[in-house]
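**Q** The structure that follows is given in the form of structure tokens.
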Amino acid sequence: MIQEEALFHALYQASTESEVDEVIQQHPEVFKQENWYPYGQNESNFGVVENQQASPIPALVEKVINSIDAILMKRCLEEGIDPKSPQAPRSVEDAVKRFFPDAKNWDLPSFRAQQAEAIQILADGPRLNTSLVIYDDGEGQHPEDFEDTFLSLLRGNKNEIHFVQGKYNMGGAGAIVFCGKKRYQLIGSKRFDGTGLFGFTLMRKHPLSDEERKSKKNTWYEYLKIDGKIPSFHIDTMDLGLYNRLFKTGTVIKLYSYDLPEGARSVISRDLNQSINEYLFEPALPIYTIDKEERYPNDRALQRHLYGLKRRLEEEGSKYVETYFSETYSDETIGTVKITCYVFKPRIEGKNAKESRETIQREFFKNNMSVLFSINGQVHGHYTSEFITRSLKFSLLKGYLIIHVDCTHVNLEFRNELFMASRDRLKAGEESRTLRHVISDVLSKSKLKDIYKQRRQAITVEGEDTKDLLKSFTDNLPLKDDLLSLLNQTFKLDQKTKREPQPKQHKPSQNNGQQPPPFNPQRFPSFLKIEVKAQDKDGLPMVKVPLGGERTARFSTDVEDHYFDRVEEPGDLQIAILDYRPNEREGGSQPGIPDKVEYFFNVARSSPNQGIIRIAFNPTDKVQVGDAVKIKATLMGAGQKFEEIFWIKISEPEKKQNKQKAKPSKEDDRIGLPALHLVYEEKRDGYLDWEALEAQGISMNHDTVMHPSVEGDKLDAIYVNMDSRVLKDYKSKLKTAEQLDLADKRYISSVYFHTLFLYMITRNRKYTIYQQQGGHDEEPVDLTDYLKDIFESYYSAFLLNFEMSELIASLED
């Protein structure tokens with residue numbers, strides 16, 4: 001029989017699934033069925049293993065998370081601390097601070113690279129049949145403990161350990177289903193203290209015999225033992241092809257013929273690195289991704305460390321990111337979520353708008369994730385860009401906006417109902433709907449609204465006059481009342497009367513014409529002051545908040561905008577309850593006052609913006625009119641604290657104004673129509689060009705016929721491409737100037753009105769459109785993208801080239 005050490009090396013050196021098959025066929029005495037045991041000691045493990053992560057990248061990330069956990073566990077044990085004891089760290093963040101006091105140095109590439117060597121992902125095998133090796137210098141396991149650790153399922157081994165992310169004792173199994181057809185996975189490990197032997201085993205999907213196929217509904221996963229034991233042998237060190245080190249202790253796992261998605265099948269130190277970065281938004285430890293020179297002999301960067309998407313966005317912010325900011329929301333049900341928005345530049349230096357958009361998509365949206373939900377830095381679920389277009393209704397920011405939602409401090413009960421146990425997707429339940437509404441509501445009132453407004457203004461044209469053209473199209477249009485009700489009131493066009501323009505009224509300037517002094521941001525704050533005029537009888541500031549409503553308190557400071565969000569030395573603003581007076585009764589603090597602001601208010605706090613921090617307060621149902629709450633806001637500085645103490649008094653609910661809709665006058669019958677913009681390939685006075693639209697995220701080329709622009713739920717404008725291939729082909733058959741002019745008008749009117757009515761009917765009938773993507777599940781398609789695609793797919797050519805009379809005549813023939 002082959003020696004166990006030689007067997008391990010034969011398996012480890014196998015670079016693909018088929019080569020593992022060869023090793024098994026060469027040693028039938030070792031791999032006989034009697035030596036295979038069911039994973040988790042349960043032949044019914046198929047459902048648990050198969051029903052985890054839905055795609056290979058998040059499944060691979062679970063392996064990396066296990067490696068991070070293993071290193072934190074090792075450092076804890078090295079310091080003589082029981083990981084389950086009260087003396088152990090209470091969170092991942094606390095563990096990093098305690099066990100890696102120099103972690104702030106990891107922001108420097110040289111220090112980061114040194115630490116990243118402790119967790120490595122290495123490529124093996126041919127380019128199109130890649131196997132992956134995952135190594136960590138963590139706690140490791142004795143061979144006799146494999147079946148209670150690596151090879152166990154659903155035991156909850158880490159449930160009582162607060163500073164690791166593993167919980168269900170199954171995350172490591174998710175990657176097996178992406179290991180080729182036979183699911184081979186090699187595990188090898190030695191305990192961190194050097195005691196015991198190096199143990200290893202091979203896992204696979206059990207190959208059903210002919211008899212088993214008749215009696216079994218499913219197969220199962222199993223692992224190798226020899227003579228009833230996990231195979232093992234003595235080592236001091238081994239050369240396993242790791243980067244810059246020999247294997248001494250820790251764990252090494254090989255995933256054979258791993259089913260990497262197309263976007264991650266090239267050099268893993270680039271493409272797989274970027275994909276993992278998206279799922280590890282802010283990992284506790286840095287990681288190395290390493291490819292082989294024989295796989296990519298011409299690539300000069302075969303080793304790259306990664307440290308999460310957050311650092312990529314913020315460290316490379318000057319190159320890709322125009323701005324970023326955060327909003328922190330807290331309430332009693334959800335807990336606290338921090339929502340950070342990263343807005344990309346429409347144009348990267350040295351690239352045109354189209355190249356910029358393609359680069360941003362390639363670098364930051366490999367997995368089609370626009371809204372990332374994370375816990376302890378690991379992404380547990382996401383939304384696609386449909387959230388930006390449908391919920392936020394900021395269509396121009398699609399592909400130019402990443403939203404990170406940190407759920408680390410969400411209440412445990414709410415969080416358990418929010419994510420699937422596989423930690424790769426959200427549950428479709430009440431909690432996810434509630435959180436979606438909160439994110440949409442908070443961001444629709446944030447700085448993002450102003451950013452979107454600025455981008456919209458960038459594609460308006462001074463001097464372009466299509467009103468007369470549009471009016472001529474609609475003069476004889478038979479618009480009945482029910483047809484009018486379909487049209488949005490987004491573009492006003494007088495049909496019957498013409499009102500004289502009202503002179504603009506200029507409000508007197510409040511600063512006597514003087515410009516405010518320029519804001520001079522500091523790295524750390526030197527003051528905090530609430531901006532409110534009202535005071536209580538003791539002279540403390542007073543903010544009145546209506547019951548059932550919301551008020552925003554403004555605080556001025558001098559700290560830079562990214563103070564709460566930056567990677568290095570971030571700051572914080574904390575809010576605490578000092579006193580509570582129900583209905584303003586005297587007597588000071590009441591017994592048993594809740595110590596959390598969320599008991600009294602739902603709170604949304606913005607990051608600093610030009611020296612202003614905003615905190616919005618919305619009363620809960622625990623307070624009533626007349627109640628007063630004394631609050632302390634504390635802004636943390638560099639070794640300093642800046643405090644403001646103020647009262648919030650609950651006032652009467654705001655009265656809703658009954659606005660009666662004025663009936664339209666017959667003398668002033670007006671049609672609501674979206675704006676019409678004509679767009680040309682090259683610049684023309686008074687008109688938009690392709691480059692101007694590209695700069696704001698609207699793609700236009702010779703194949704494009706039109707782009708419908710949506711503001712909220714309204715079709716706000718239709719951009720018609722006057723240099724489309726459809727129009728050029730149609731006009732190539734014409735000769736006279738009159739014919740060419742008529743062709744333009746026919747093209748414009750056909751595209752404009754067909755877009756208008758297709759959009760309105762689809763929206764009012766509440767149709768939802770889905771498209772099958774690459775043989776996978778159907779994905780929702782934004783209505784604007786759907787209409788744009790229809791016109792590019794011969795529909796506009798049909799409208800131009802076929803007269804209705806000709807069609808009828810052809811039927812008669």
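**Q** Would it be correct to say that N35 is surrounded by 15 or more Cβ atoms within 10 Å (Cβ to Cβ) and within 13 Å of H206 (Cα to Cα)?
**A** It is true that N35 is surrounded by 15 or more Cβ atoms within 10 Å (Cβ to Cβ) and within 13 Å of H206 (Cα to Cα).
**Q** In addition: I'd like to verify a number: residues in region 305-355 that are small (G, A, S) and assigned to a strand (DSSP E or B), how many?
**A** 3
**Q** Of all residues being out of contact with any strand residue (DSSP E or B) (no Cβ under 7 Å at 6 or more places or on another chain) and under 11 Å from L787 (Cα atoms) in region 758-768, which is most open to solvent (accessible area, probe 1.4 Å)? Just the residue, please.
**A** L758
**Q** Test S232 against the stated conditions and say whether it is touching a Gly at 6+ places or on another chain (Cβ under 8 Å), within 20 Å of Y296 (Cβ to Cβ) and crowded, with 18+ Cβ neighbours inside 10 Å.
**A** Against the criterion (touching a Gly at 6+ places or on another chain (Cβ under 8 Å), within 20 Å of Y296 (Cβ to Cβ) and crowded, with 18+ Cβ neighbours inside 10 Å), S232 does not qualify.
**Q** Examine region 723-736 for a residue that is at pLDDT 90 or above, in contact with an Asp or Glu (Cβ under 9 Å, 6 or more places away or on another chain) and not in a helix (DSSP H, G or I), and state whether such a residue exists.
**A** Yes, some residue in region 723-736 is at pLDDT 90 or above, in contact with an Asp or Glu (Cβ under 9 Å, 6 or more places away or on another chain) and not in a helix (DSSP H, G or I).
**Q** Something else: Which one is nearest to the chain's Cα centre (by Cα) among residues in region 552-572 that are within 16 Å of Q610 (Cβ to Cβ) and hydrophobic (A, V, I, L, M, F, W, C)?
**A** Of everything passing the filter in region 552-572, F564 is nearest to the chain's Cα centre (by Cα).
**Q** Sticking with this structure for a sec: Has region 371-392 got any residue that is modelled with pLDDT under 90 and open to solvent by less than 10 Å² (accessible area, probe 1.4 Å)?
**A** No: zero hits.
Yes or no, residue by residue, for (1) under 30 Å from G381 (Cα atoms); (2) of a type in the set (A, V, I, L, M); (3) in contact with a strand residue (DSSP E or B) (Cβ under 6 Å, 6 or more places away or on another chain); (4) open to solvent by 30 Å² or more (accessible area, probe 1.4 Å):
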residue: Q26; (1), (2), (3), (4): no, no, no, yes
residue: N45; (1), (2), (3), (4): yes, no, yes, no
residue: Q53; (1), (2), (3), (4): yes, no, no, no
residue: L60; (1), (2), (3), (4): yes, yes, no, no
residue: I68; (1), (2), (3), (4): yes, yes, no, no
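**Q** Please work out which one of (1) at pLDDT 95 or above; (2) under 36 Å from the mean Cα position of the chain (by Cα) is the condition S55 fails and give its number.
**A** Going through the list (1) at pLDDT 95 or above; (2) under 36 Å from the mean Cα position of the chain (by Cα), S55 breaks only (1).
**Q** While we're here: Enumerate the pairs (first residue in region 333-361 and more than 14 Å from I402 (Cα to Cα); second residue anywhere and in a loop (DSSP other than H, G, I, E, B) and open to solvent by 50 Å² or more (accessible area, probe 1.4 Å)) with beta-carbon separation below 6 Å, excluding pairs fewer than 6 apart on the same chain, so at least 6 apart or on different chains.
**A** Qualifying pairs under 6 Å: G335/H409; T336/H409; A353/R347; S356/R347.
**Q** Failed condition for K622, given (1) touching a helix residue (DSSP H, G or I) at 6+ places or on another chain (Cβ under 7 Å); (2) open to solvent by 60 Å² or more (accessible area, probe 1.4 Å); (3) within 29 Å of K310 (Cβ to Cβ), with all others met?
**A** (3)
**Q** Additional query: Are any residues in region 564-579 loosely packed, with under 15 Cβ neighbours inside 10 Å and under 24 Å from G335 (Cα atoms), and if so, which ones?
**A** P570, D572, Q574, A576, L578, listed by residue number.
**Q** Would you please list the contacts, defined by Cβ atoms under 7 Å and residues six or more apart or on different chains, that run from a residue in region 515-542 that is free of Cβ contacts under 8 Å to residues at least 12 places away in the same chain to a residue that is aliphatic (A, V, I, L, M)?
**A** A534/M542; Q535/M542
**Q** Considering only residues that are part of a loop (DSSP other than H, G, I, E, B), within 19 Å of V92 (Cα to Cα) and in contact with a Lys or Arg (Cβ under 7 Å, 6 or more places away or on another chain), which ones fall in region 248-292?
**A** F281, E282, P286
**Q** Any chance you could count how many residues in region 533-563 are open to solvent by 40 Å² or more (accessible area, probe 1.4 Å), outside any strand (DSSP E or B) and closer than 26 Å to Q640 by Cα?
**A** So the answer is 3.
**Q** Quick check: anything in region 290-303 touching a Phe, Trp or Tyr at 6+ places or on another chain (Cβ under 7 Å) and either under 30 Å from N618 (Cα atoms) or in contact (Cβ under 8 Å) with a residue 40 or more places away in the chain (or both)?
**A** yes
**Q** Sticking with this one: Only one of (1) touching an Asp or Glu at 6+ places or on another chain (Cβ under 8 Å); (2) surrounded by fewer than 17 Cβ atoms within 10 Å (Cβ to Cβ); (3) within 30 Å of D124 (Cβ to Cβ) fails for E294. Which number is that?
**A** Every condition holds for E294 apart from (1).
**Q** Looking at E78, E93, can you tell me which residue is at pLDDT 95 or above and surrounded by fewer than 20 Cβ atoms within 10 Å (Cβ to Cβ)?
**A** E78
**Q** Note down all Cβ pairs under 6 Å where the first residue falls in region 718-747 and is within 19 Å of E691 (Cα to Cα), the second is β-branched (V, I, T), and they're at least six residues apart or on different chains.
**A** What qualifies is I718/T755; Y719/V679; V720/I748; V720/V751; N721/V679; N721/T704; N721/V705; S724/V705.
**Q** For region 367-458, give me every one of the helices (runs of 4 or more DSSP H) that falls completely inside it and has 1 or more residues that are without any contact (Cβ under 8 Å) to a residue 60 or more places away in the chain and within 21 Å of S607 (Cα to Cα).
**A** Those helices (runs of 4 or more DSSP H) span 430-444, 447-457.
**Q** Checking the conditions here, which among G308, G350 is surrounded by 21 or more Cβ atoms within 10 Å (Cβ to Cβ) and at positive phi?
**A** Only one candidate qualifies: G308.
**Q** A follow-up question, please. Restricting region 357-370 to residues that are crowded, with 20+ Cβ neighbours inside 10 Å and modelled with pLDDT of 90 or more, which is farthest from R425 (Cα to Cα)?
**A** For region 357-370, the residue satisfying everything is I360.
**Q** Still on this structure, please answer the following. Do we find that S699 is open to solvent by less than 40 Å² (accessible area, probe 1.4 Å) and closer than 25 Å to I360 by Cα in this structure?
**A** yes
The values are calculated or read from the model by the stated rules, or taken from the named source; none is laboratory data. As the structure is a computational prediction, the values presented were derived from the model and not from experiment. Here the Cβ is made from the backbone with ideal geometry for all residues, glycine too, and neighbour counts use every protein chain on show. Ligands, DNA and RNA are stripped out before the accessible areas are found, and what is left, the full protein with its side chains, is counted by its heavy atoms. Shrake-Rupley method; radii C 1.70, N 1.55, O 1.52, S 1.80 Å.
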